[in-house]
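Report on one structure; see the data block that follows.
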Amino acid sequence: MGGGVGIPVFVYRARTAVPSPERRQISDAVTLESLYAPGTKPEIVFVHGDLGSLWNPYPQLDAFSGSRGVVTYLLAGNGNSSNRSEQSVAGHVADLDRLLEELAIASSILHGHSYGTAIAIEYAKRHSVAGLALHAGGDQDLTPSWEGPLLRAVLASRLYKLPVDGVLFRRLVESVCCHETTPKCVTEDFLKSNLMPRRRSAWKTVTGAFWGCDGREETDSIDVPTLVIHGPDRSGSSDT
């Protein structure tokens, strides 16, 4: 049962356990929608993948509420955050730095998901962090062969305007984001709690900031505890 209309109970519980998101002006040009729940330091800061949401880490928000401090926010160009005049990983890193300065957070544990891993890695190269969690992403070769044509088709056809619970997005999620053995309830949870953005700027952020990104230089400068979360290598290569 859900805690609200169409919302799984754990998502509802996470949303009611933390403060409501606020829009924070972090520079003359950028305002970010963010959620900050104070608690034990170092805080955990969640950086979503593009086409993501500040509610993506709802299990962690639920688990850490009332104990560890947590921050989650929407990248510029997504949701109620303002757009960026120029999309780049460096620009998103600068936004994150200003947001944490606004929140008076000096050193945090950064959790980057998907494209958010690139932001977390680049941030850690130049700023103090207590640790990293890199989840299902990387810092180079960030354009899967299927994603380029798919996103171009979505943009050209304005398919992002379609209802997120429609047949097209449901089939897209099932074919791209799930495996053959993924339970239907997991797919339904994803569709209900991670609504696809309906603003063109969110989709343009992917092509403008992350495609072609190569952040392998200076990774040796990162010397903090790091957790890497990834799935199996399906290429047949032993170099994983």
State yes or no: is Leu134 within 16 Å of the chain's Cα centre (by Cα), of a type outside the set (Ser, Thr, Tyr), at pLDDT below 85 and under 20 Å from Ser53 (Cα atoms)? no
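If only one of His111, His179 is outside any helix (DSSP H, G or I) and modelled with pLDDT under 95, which one is it? Can you show your working first?
Details: His111 fails: modelled with pLDDT under 95.
Within the list His111, His179, the selection yields His179.
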For Ala94, the lone unmet condition from (1) modelled with pLDDT of 95 or more; (2) closer than 15 Å to Lys41 by Cα is (2)
(1) in a strand (DSSP E or B); (2) among the aliphatic types (A, V, I, L, M); (3) crowded, with 21+ Cβ neighbours inside 10 Å; (4) in contact (Cβ under 8 Å) with a residue 40 or more places away in the chain all hold for Leu96 apart from (1)
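Residue-by-condition table, conditions (1) closer than 25 Å to Leu151 by Cβ; (2) modelled with pLDDT of 75 or more:
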site: Val186; (1), (2): yes, no
site: Asp189; (1), (2): yes, no
site: Lys192; (1), (2): yes, no
site: Leu195; (1), (2): yes, no
site: Ala202; (1), (2): yes, yes
site: Thr205; (1), (2): yes, yes
site: Gly215; (1), (2): yes, yes
site: Glu218; (1), (2): no, yes
site: Thr226; (1), (2): no, yes
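Is it fair to say Glu43 is buried (at least 20 other Cβ atoms within 10 Å of the Cβ) and either assigned to a helix (DSSP H, G or I) or in contact with a strand residue (DSSP E or B) (Cβ under 6 Å, 6 or more places away or on another chain) (or both)? Don't jump to the end; show me each part of the working.
Values: buried (at least 20 other Cβ atoms within 10 Å of the Cβ): yes; either assigned to a helix (DSSP H, G or I) or in contact with a strand residue (DSSP E or B) (Cβ under 6 Å, 6 or more places away or on another chain) (or both): yes.
For Glu43, the condition - buried (at least 20 other Cβ atoms within 10 Å of the Cβ) and either assigned to a helix (DSSP H, G or I) or in contact with a strand residue (DSSP E or B) (Cβ under 6 Å, 6 or more places away or on another chain) (or both) - is met.
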Across (1) out of contact with any Gly (no Cβ under 7 Å at 6 or more places or on another chain); (2) among the small types (Gly, Ala, Ser); (3) over 27 Å from Val186 (Cα atoms), Ser65 clears everything bar (3)
inquiry  = Among the residues that make up the range 10-31, is at least one of them of a type in the set (Lys, Arg) and surrounded by 20 or more Cβ atoms within 10 Å (Cβ to Cβ)?
reply    = no
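The values are calculated or read from the model by the stated rules, or taken from the named source; none is laboratory data. Remember, it's a predicted structure, so these values are computed and weren't measured experimentally. Please note: Cβ atoms are built from the backbone with ideal geometry, for glycine as well, and neighbour counts cover all protein chains shown.
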